[in-house]
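Chemist: Take a look at the following structure, please.
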């Protein structure tokens, strides 16, 4: 009779174990929050800890559509992702991600899709002034920061200027802002797939094909519609994808154009969110994987040029960081218990990538080399953000630029010889997303 130590554990033991640990961690954090609430100087969230929002069971026509989209992905997604031509896979993945995000955001009404961007703490109240005088808004941003809404105070001026640009084109208002956020945010899944294939070749494409159904169904879709961080996620993802194209193409013209495009997109990131300063480290996986450094150098020069141009216009990035940190220190941020939010932030990254993505993390070594590097670097960036103590809560939206790079870990739990088992993971992925959509009313 074999000894207990010689008995091989089933392949599903570790993934299922970590999934159960995630569920218990969410429940434990909810209980921990109840114990902390009311303590002297303690500032928590809004009652649905570890999430921001309120527990509120609700459903509508959008929920029915979301169920239908999720059921279609579970039923046909794996086969289509495996058999369709690559351009069709990308198109189908992007379209499905967009449809699911819109359905979830408009669960009970179309008005619900634009409600988050119309809040008094959001960006739109500042847009008319910025549209009237963009240069003045940029030059005086730091000195006038006290008078701006909370989200504007917590971010650089880039997104306000982006919306101001739309406004000057006649595309102002919450509808166009929502369309921009959701379209760019949903497209991040395509950018990630492009990057995996470019950097990993056939192995990377195989990983992207296996992971795509789970990435589309991940609970992160709940905050794509509608959080500005979804837009940030898309910009960062396409910046990395453009750098990957520049570093792998054999065509000089494409290389130059993609390098410049990568510089513009990656250079925009620190002007959209200060968090992207550490999240942007995922871009460094590209030169590491390809051993081609010239495109990265070109992109870095463009990034530096954008920083200097903004400084010449009156906004120095480090002054913005200092001003926002001062606002954070004077607000409720320091009242949020460090240890609680350190644990909560990491657990919520697991929630965002879903059961399949979380399960894949325990077997990340089974991924191809470049995908493994992207997953590990993105997860490490989240850990760094959590340890810093600056990002205490609200990470359902803040982690979106990282979750799209961690979610491909779901490819690990795909067994091509056991289609039923893979669909079980997809069903769990869809169930987690739909359950949260029904029971959690989020401000985003």
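The values are calculated or read from the model by the stated rules, or taken from the named source; none is laboratory data. Keep in mind that this is a model prediction, so the values were computed, not measured. Neighbour counts run over all protein chains shown; Cβ positions are idealised from the backbone, glycine included.
Chemist: So, residue 126, is that one at pLDDT below 95 and within 17 Å of residue 162 (Cα to Cα) or not? Lay out the reasoning, then the answer.
Modeler: Values: at pLDDT below 95: no; within 17 Å of residue 162 (Cα to Cα): yes.
Against the criterion (at pLDDT below 95 and within 17 Å of residue 162 (Cα to Cα)), residue 126 does not qualify.
Chemist: A follow-up question, please. Could you pull out the residue among 212, 222 that is at pLDDT 95 or above and touching a strand residue (DSSP E or B) at 6+ places or on another chain (Cβ under 9 Å)? Even if it seems obvious, please write down each step before you answer.
Modeler: Values: 212 fails: touching a strand residue (DSSP E or B) at 6+ places or on another chain (Cβ under 9 Å).
Within the list 212, 222, the selection yields 222.
Chemist: If you don't mind, there's one more thing I want to ask. Restricting to segment 329-363, give me the number of residues that are surrounded by 18 or more Cβ atoms within 10 Å (Cβ to Cβ), more than 19 Å from the chain's Cα centre (by Cα) and part of a helix (DSSP H, G or I).
Modeler: Of the residues in segment 329-363, 2 are surrounded by 18 or more Cβ atoms within 10 Å (Cβ to Cβ), more than 19 Å from the chain's Cα centre (by Cα) and part of a helix (DSSP H, G or I).
Chemist: Considering only residues that are surrounded by 13 or more Cβ atoms within 10 Å (Cβ to Cβ) and closer than 17 Å to residue 262 by Cα, which ones fall in segment 298-322? Spell out how you get there, then give the answer.
Modeler: Going residue by residue through segment 298-322, those that are surrounded by 13 or more Cβ atoms within 10 Å (Cβ to Cβ) are 298-303, 305-307, 310-311, 313-317, 319-321.
Matches in segment 298-322: 298, 299, 300, 301, 302, 303, 305, 306, 307.
Chemist: So which residues in segment 67-79 are surrounded by 19 or more Cβ atoms within 10 Å (Cβ to Cβ) and either out of contact with any helix residue (DSSP H, G or I) (no Cβ under 6 Å at 6 or more places or on another chain) or within 11 Å of residue 422 (Cβ to Cβ) (or both), if there are any at all? Break it down into steps so the answer makes sense when it comes.
Modeler: Of all residues in segment 67-79, those surrounded by 19 or more Cβ atoms within 10 Å (Cβ to Cβ) come to 69-70, 73-74, 77-78.
Those that are surrounded by 19 or more Cβ atoms within 10 Å (Cβ to Cβ) and either out of contact with any helix residue (DSSP H, G or I) (no Cβ under 6 Å at 6 or more places or on another chain) or within 11 Å of residue 422 (Cβ to Cβ) (or both): 74, 77, 78.
Chemist: Enumerate the helices (runs of 4 or more DSSP H) found wholly within segment 107-159, keeping only those where 3 or more residues are farther than 30 Å from residue 60 by Cα.
Modeler: Working: elements: 111-114, 127-132, 134-139, 150-153.
Ranges flagged: 127-132, 134-139, 150-153.
Chemist: Would you say residue 124 is within 22 Å of residue 223 (Cβ to Cβ), under 27 Å from the mean Cα position of the chain (by Cα) and in contact (Cβ under 8 Å) with a residue 24 or more places away in the chain? So that I can check it myself, show each step before the final result.
Modeler: Details: within 22 Å of residue 223 (Cβ to Cβ): yes; under 27 Å from the mean Cα position of the chain (by Cα): yes; in contact (Cβ under 8 Å) with a residue 24 or more places away in the chain: yes.
The answer is yes for residue 124.
Chemist: Can you find, within segment 247-266, the residue that is farthest from the chain's Cα centre (by Cα) among those that are crowded, with 24+ Cβ neighbours inside 10 Å and under 30 Å from residue 388 (Cα atoms)?
Modeler: 263
Chemist: Could you please find all residues in segment 84-98 being surrounded by fewer than 18 Cβ atoms within 10 Å (Cβ to Cβ) and touching a helix residue (DSSP H, G or I) at 6+ places or on another chain (Cβ under 9 Å)?
Modeler: Of everything in segment 84-98, those that are surrounded by fewer than 18 Cβ atoms within 10 Å (Cβ to Cβ) and touching a helix residue (DSSP H, G or I) at 6+ places or on another chain (Cβ under 9 Å) turn out to be 84, 86, 88, 91, 95.
Chemist: Quickly run through segment 212-234 and pick out the residues that are assigned to a helix (DSSP H, G or I), over 21 Å from residue 160 (Cα atoms) and within 16 Å of the chain's Cα centre (by Cα).
Modeler: Result: 212, 214, 215, 216, 217, 221, 222.
Chemist: Quick one: in segment 163-179, which of the residues that are in contact (Cβ under 8 Å) with a residue 60 or more places away in the chain and within 15 Å of residue 229 (Cβ to Cβ) is surrounded by the fewest Cβ atoms within 10 Å (Cβ to Cβ)?
Modeler: Here is the first cut: in segment 163-179, the residues in contact (Cβ under 8 Å) with a residue 60 or more places away in the chain are 174-175, 177-178.
Then keep just the ones that are within 15 Å of residue 229 (Cβ to Cβ); that gives 177-178.
Details: 177: 27, 178: 21.
Ranking the candidates gives 178 first.
Chemist: Quick one: in segment 364-381, of everything that is farther than 19 Å from residue 401 by Cα and in contact (Cβ under 8 Å) with a residue 12 or more places away in the chain, which residue is surrounded by the most Cβ atoms within 10 Å (Cβ to Cβ)? Please lay out each step first, then the result.
Modeler: Start the filter on segment 364-381 by keeping residues that are farther than 19 Å from residue 401 by Cα, which leaves 364-369.
Still in the list and also in contact (Cβ under 8 Å) with a residue 12 or more places away in the chain: 364, 366-369.
Numbers: 364: 16, 366: 13, 367: 25, 368: 20, 369: 12.
Taking the candidates together, the pick is 367.
Residues are listed down the side, and each one gets a yes or a no for (1) in contact (Cβ under 8 Å) with a residue 24 or more places away in the chain; (2) in a helix (DSSP H, G or I):
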position: 38; (1), (2): no, no
position: 44; (1), (2): yes, no
position: 47; (1), (2): no, no
position: 52; (1), (2): yes, no
position: 62; (1), (2): yes, yes
position: 73; (1), (2): yes, yes
position: 77; (1), (2): yes, yes
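Chemist: Okay, next question. Starting from residues that are in contact with a helix residue (DSSP H, G or I) (Cβ under 9 Å, 6 or more places away or on another chain) and either in contact (Cβ under 8 Å) with a residue 60 or more places away in the chain or outside any helix (DSSP H, G or I) (or both), keep the ones in segment 241-275 and report whichever is farthest from residue 434 (Cα to Cα). First the steps, then the outcome.
Modeler: Pass one, segment 241-275, residues in contact with a helix residue (DSSP H, G or I) (Cβ under 9 Å, 6 or more places away or on another chain): 241-249, 254-275.
Then drop every residue that is not either in contact (Cβ under 8 Å) with a residue 60 or more places away in the chain or outside any helix (DSSP H, G or I) (or both), which leaves 249, 268, 270-275.
Numbers: 249: 40, 268: 33, 270: 33, 271: 33, 272: 29, 273: 29, 274: 31, 275: 28 Å.
Ranking the candidates gives 249 first.
Chemist: So for segment 180-202 (the condition being surrounded by fewer than 23 Cβ atoms within 10 Å (Cβ to Cβ), more than 21 Å from the chain's Cα centre (by Cα) and in contact (Cβ under 8 Å) with a residue 40 or more places away in the chain), does at least one residue qualify?
Modeler: no
Chemist: Testing residue 440 on (1) touching a residue at least 40 places away in the same chain (Cβ under 8 Å); (2) out of contact with any strand residue (DSSP E or B) (no Cβ under 8 Å at 6 or more places or on another chain); (3) surrounded by fewer than 24 Cβ atoms within 10 Å (Cβ to Cβ), one condition comes back false. Which one is that?
Modeler: (2)
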